[in-house]
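What follows is a short report on a single structure.
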């Protein structure tokens, strides 16, 4: 009842989540004096890029009513493949990055064909590619950790894409790129065929088929976008962290999917916002970076993140229920 | 409608996995089944050494903790060298990550079922392998533990343990870090903080290093009349000889353990500690933890070699990233072990057992290295890439 008085705009998930981000920032700033530093912003930014990129990509399968579980292990796999070419084969960084991106697109394509054409359930199909990429990553790197060129080494220019150092000041340049990409993909989702049909598949696949949409093609495209962004995320990850370890990556996808759902992508498909996803990921990143500052042990950090996720899924379900009552 | 209900349940299940606090692990148990098979294929050409010698009928199996760090690469190289010298057949395998404890037990059990002439084991978890070790004993297969021991192993199952004195190696890091920080600690007017990042609290090697560092640092500081308190991860706080009282302490040792053994989670924990203004030094107890500290420093830029004005970081093991950081003066120094010799000795010991010789435990040392002695003849061979 009281809700009617609040303007509808303020009830949009993006706005609510943005307020949550500000509230979290405020909370951590008050709770920990060490948090109130420029370097903390740098750290949060660093750790957010790869999750944001994965989340932008995975929003598309989520909106079709599916999911992509292969992005986490995929990220590590693409990064190991690219890194191996640089470190052991002497490839220039740029060429290795292209290989990583192609690798991501191919895995996305395989996911898309399995789901869109062969009709496998998305959960199952991407769980399989998740296993496959995990194994492939270990094979690509011959089972050993790979360090992309570190600052100062030749070929380390790609690290400046995400963090520019001018004099003694470090600028989190990566945020500009992820923001631009989020705006671009927000536009793609809402104003292009690919995006509109992605939403159409998620809200009513039968109707989409009957209205003559090439559902197979657009279903595949949703997973290709997801794979491509997982590959972009792999470059961001390699640029921020010293070493990429084979066998890791499982669990990254849950942070990305969690961020997307917090940001208003419907857990059942058919609706979502990429700008919301961007903001939603920052809730996860703030929790991940902030909770250690207030002295919370690692296992508790995961519990808090899980509870926050349940909360945002509940908001989604309650909203749906209200809409159906109207 | 049905579909929506199903997908709601699925996403709820996903959220539930996160809630239980094991998002990663849950995924890894489901994904790991086919993965080890692939790992084996990948590792086999590099790891197993076939021999042509007639006497080379002996067949040993080695289970390492993972292939995550170059430390294990060096150990596997040592294993292969010894296998070639002795003319025996050796196969190496290990789980994807050092936290995949169940996978490792599985591999060990499979090897036991194949009745080899001996097994070399670097256990991820000191208690998870106990049942398997009993099996090996019942099947009459000798086991040699290396890198990490299994102190509670059934009597007679583990014939020899070849490991760095990890407690001593942790203490070596404390010795060197304390010596460098002594003056700053003595002149400090307010309590100071020493950080420690351990990748987990389950394996013997990591926990012993962590505790060795804490206990020696406490001992040295107490001898100089300072009060020390240990805070943070419960395992290490409760394991420390003297956990002290935080309110009245002059030195606070803060211990952090991430939820999973990944560089990025170690980095998050490290930056939370390094952001505090009273930190003088920090210790990372293996390659992953030390690299986590260096990753955190990318933004903070607080590490250096000037006691008092910068944070002095002590690492563990080697690898290109750590070696470069020590050369550049970002990391103060590190303790290295000799994985190559450890791998070699493991195979040699298994060979001795197969030939009926009696063997005993072998402790190998940890060596401190920094910018000044990196190229020394007794240090350089242990600094693998």
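From most to least packed by mean Cβ count within 10 Å, the peptides B:153-160, B:68-75 give B:68-75, B:153-160.
Assuming a ≥ b ≥ c are the square roots of the Cα gyration tensor eigenvalues, decide whether the range A:20-325 counts as rounded (a/c under 1.5), prolate (otherwise, with a/b larger than b/c) or oblate. Note, shape of the range A:20-325 comes out oblate.
On a 0 to 90 degree scale, rounded to 10, what angle separates helix B:101-113 from the longest Cα axis of chain B? The helix B:101-113 is inclined about 20 degrees to chain B.
Among A:251-264, A:71-84, A:280-293, the peptide with the highest mean count of other Cβ atoms within 10 Å heads the list, and the full ranking is A:71-84, A:251-264, A:280-293. The mean count of C-beta atoms from other chains within 10 Å of the C-beta of residues in B:251-257, rounded to a whole number, is 1. With a/c under 1.5 counting as rounded, go ahead and sort the range B:166-316 into rounded, prolate or oblate using the C-alpha gyration tensor (a ≥ b ≥ c being the square roots of the eigenvalues; past the cut-off, prolate if a/b is larger than b/c, else oblate). Here the range B:166-316 falls in the oblate category. Bridge orientation summary for the protein assembly as shown: considering DSSP beta bridges with both residues in this region, about 15 percent are antiparallel.
Roughly what % of DSSP beta bridges within chain B run antiparallel, to the nearest 5? Approximately 10 percent, going by the DSSP bridge assignments.
Among A:131, A:118, A:221, the residue with the largest mean-square fluctuation in a Gaussian network model of chain A, with springs joining Cα atoms closer than 10 Å, is A:118. Take each peptide in B:354-365, B:258-269, B:201-212, A:19-30, count the other Cβ atoms within 10 Å of every residue, and average; sorted highest first, the result is B:258-269, B:201-212, A:19-30, B:354-365. Mind running the shape call on chain B? Use the C-alpha gyration tensor, a ≥ b ≥ c as the square roots of the eigenvalues: rounded below 1.5 for a/c, prolate if a/b tops b/c, oblate otherwise. In terms of gyration-tensor shape, oblate.
Among the residues of B:221-230, the average count of other protein chain beta-carbon atoms within 10 Å of the residue beta-carbon is 0. Between the Cα long axis of helix B:2-19 and the first principal axis of chain B there is an angle of about 70°, rounded to the nearest 10. For the range A:34-49 and the range A:110-163, what is the centre-to-centre distance using only Cα atoms, to the nearest Å? So the separation of the two Cα centres works out to 26 Å. Would you mind pulling out the separation of the Cα centroids of the range B:94-112 and the range B:135-191, in Å? So the two Cα centres are separated by 22 Å. Against chain B, whose longest principal axis is taken from its Cα atoms, helix B:339-354 shows a tilt of about 40°. Other protein chain C-beta atoms within 10 Å of residue C-beta, averaged over B:324-333: 1. Here the range A:146-237 is treated as an ellipsoid with the same Cα gyration tensor; its semi-axes, largest first and in whole Å, are 39, 15, 7. What the Cα atoms of the protein assembly as shown give is an Rg and a Dmax of 26.0, 89 Å. For the range B:166-316, the relative contact order works out to 28 percent when only alpha carbon pairs closer than 8 Å and six or more residues apart are counted.
Coordinate-derived values only; no laboratory data. It should be emphasised that the depicted structure is a prediction, and the values quoted were computed from it without experimental measurement. Glycine gets a Cβ as well: all are built from the backbone with ideal geometry, and neighbour counts include every protein chain shown.
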